[in-house]
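Quick one: this structure, given as structure tokens, is what I'll be asking you about.
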Amino acid sequence: MQLKKVTKTETKIALSILKESAEWLQEIGSDQWSDILQGEDKHGLAEAVERGEVFFFYNNKNQLAGMVAAWKNPTAWDKLLWQEYDPKQFAYYLHRVIIRPNYRGSGYGKELLTELKLKFKTEVSELRLDCLARNQKLIQFYLGNEFVNIGSASDLYGNEFELFSYKL
């Protein structure tokens with residue numbers, strides 16, 4: 001398994017993977033990431049690629065199985081959700097954690113999180129991420145991968161999110 005920083009020339013590929021996942025979410029009845037399907041990206045993935053904060057995840061057959069964004073500087077979103085938990089903490093904020101549909105159910109999600117833990121263990125003291133509080137499957141996935149649910153927070157629209165931390 002390998003994480004590889006996405007280059008500027010690969011931005012379209014990253015955006016297509018994001019759209020692919022947003023379409024899958026819509027197919028299963030979720031409105032999460034629906035901004036992508038409307039031609040918007042509130043998390044600014046293309047800009048994150050330019051900053052070197054997006055990584056492709058390749059499996060042992062060198063197939064592009066997933067993607068993740070890792071922000072060292074918390075965004076306005078992160079500051080809002082993590083305000084009670086020191087958003088200035090020396091951490092990476094993980095967003096757009098994606099395993100592509102054809103690769104789901106094969107253990108790649110666990111392997112992606114393991115690779116992230118190894119990659120960043122000498123750079124920061126913590127990995128942070130959030131997910132919708134109603135997404136019990138994802139909550140159980142993060143708990144099963146040694147992330148600790150440290151609390152919950154709401155966005156400006158009243159949507160509830162669970163906050164997860166992994167101490168490196």
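Filter segment 116-147 for residues that are surrounded by 12 or more Cβ atoms within 10 Å (Cβ to Cβ), in a helix (DSSP H, G or I) and of a type in the set (D, E, K, R) and give the result.
Within segment 116-147, LYS117, LYS119 meet the criteria.
Here is a follow-up. Name the residues in segment 63-91 that are surrounded by fewer than 16 Cβ atoms within 10 Å (Cβ to Cβ), touching a residue at least 12 places away in the same chain (Cβ under 8 Å), part of a loop (DSSP other than H, G, I, E, B) and of a type outside the set (Phe, Trp, Tyr), would you?
GLN63, LYS72, LYS88, GLN89 - these are the residues of segment 63-91 that are surrounded by fewer than 16 Cβ atoms within 10 Å (Cβ to Cβ), touching a residue at least 12 places away in the same chain (Cβ under 8 Å), part of a loop (DSSP other than H, G, I, E, B) and of a type outside the set (Phe, Trp, Tyr).
Right, another one. Collect the residues in segment 2-18 that are closer than 22 Å to THR75 by Cα, loosely packed, with under 15 Cβ neighbours inside 10 Å and under 16 Å from the mean Cα position of the chain (by Cα), keeping them in residue-number order.
Result: LYS5, single match.
Do we have any residue at all in segment 148-157 that's modelled with pLDDT of 95 or more, touching an Asp or Glu at 6+ places or on another chain (Cβ under 6 Å) and of a type in the set (A, V, I, L, M)?
no
Can you list the helices (runs of 4 or more DSSP H) lying wholly within segment 6-58 that have 1 or more residues being touching a residue at least 40 places away in the same chain (Cβ under 8 Å) and more than 23 Å from LEU132 (Cα to Cα)?
11-27, 45-50
Also, I was wondering about something else. In this structure, does LEU129 turn out to be modelled with pLDDT of 95 or more and under 19 Å from TRP82 (Cβ atoms)? Quick ask: steps written out before the conclusion?
Values: modelled with pLDDT of 95 or more: yes; under 19 Å from TRP82 (Cβ atoms): yes.
So LEU129 fits the description; yes.
Further question on the same structure: Can you tell me how many residues in segment 27-37 are surrounded by fewer than 17 Cβ atoms within 10 Å (Cβ to Cβ) and either in contact with a Lys or Arg (Cβ under 6 Å, 6 or more places away or on another chain) or modelled with pLDDT of 90 or more (or both)?
Going through segment 27-37 one residue at a time, the tally reaches 3.
The values are calculated or read from the model by the stated rules, or taken from the named source; none is laboratory data. As the structure is a prediction and not an experimental result, all values here were calculated from the model. Note that each Cβ is placed from the backbone with ideal geometry, even for glycine, and that neighbours are counted across all protein chains shown.
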